[in-house]
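*Asks:* Can you keep this structure in mind? I'll have questions shortly.
The values are calculated or read from the model by the stated rules, or taken from the named source; none is laboratory data. Note that this is a predicted model, so its numbers are computed, not measured. Every residue, glycine as well, gets a Cβ built from its backbone with ideal geometry; the counts of neighbours run over all protein chains shown. Just so you know, the surface numbers come from the protein's heavy atoms only, side chains and all, with ligands and any DNA or RNA stripped out. Shrake-Rupley method; radii C 1.70, N 1.55, O 1.52, S 1.80 Å.
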Amino acid sequence: MLREMFQSKLHHATVTECRLGYQGSLTVDVELIEAAGMLVHQKIQVLNINNGYRLETYLIPGERGKREIIINGAAARHAQVGDQVIILTYVMLNDDEARQHQPKVVVLG
């Protein structure tokens, strides 16, 4: 049996831009992606702390060191610059792996 487990999280990231006219996805600074152990194009869940909206999309790399969190496409209708979001990834693990797994959490200011 496989269990879907919380893998990693960027906690309290601040939305820096919303781009409605983009195909979709979430742009995140590559340094933040790496710090959380996430991968470019990985499926993610984005939780908007300000309005409660939750969405699923995938990661695209932002410019290293710019600390950008850009909501793209239709999801841009559900966020505003300055909103606080939580970005989550999950992983499928067997029972033994799941019982030993420790998620990675990066808390942002």
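*Asks:* For the stretch 3-109, please list each of the strands (runs of 3 or more DSSP E) lying entirely inside it that holds at least 3 residues being open to solvent by less than 20 Å² (accessible area, probe 1.4 Å).
*Replies:* Of the strands (runs of 3 or more DSSP E) lying wholly inside the stretch 3-109, those with at least 3 residues that are open to solvent by less than 20 Å² (accessible area, probe 1.4 Å) span 25-29, 43-48, 69-72, 84-94.
*Asks:* Do any residues in the stretch 83-109 that are within 21 Å of Tyr53 (Cβ to Cβ) have Cβ atoms under 7 Å from those of residues that are in a strand (DSSP E or B) and of a type in the set (S, T, N, Q), where the two are at least six apart or on different chains, and which pairs are they?
*Replies:* The qualifying pairs are Asp83/Asn48; Gln84/Thr14; Val85/Asn48; Leu88/Gln45; Thr89/Gln7; Thr89/Ser8; Tyr90/Gln7.
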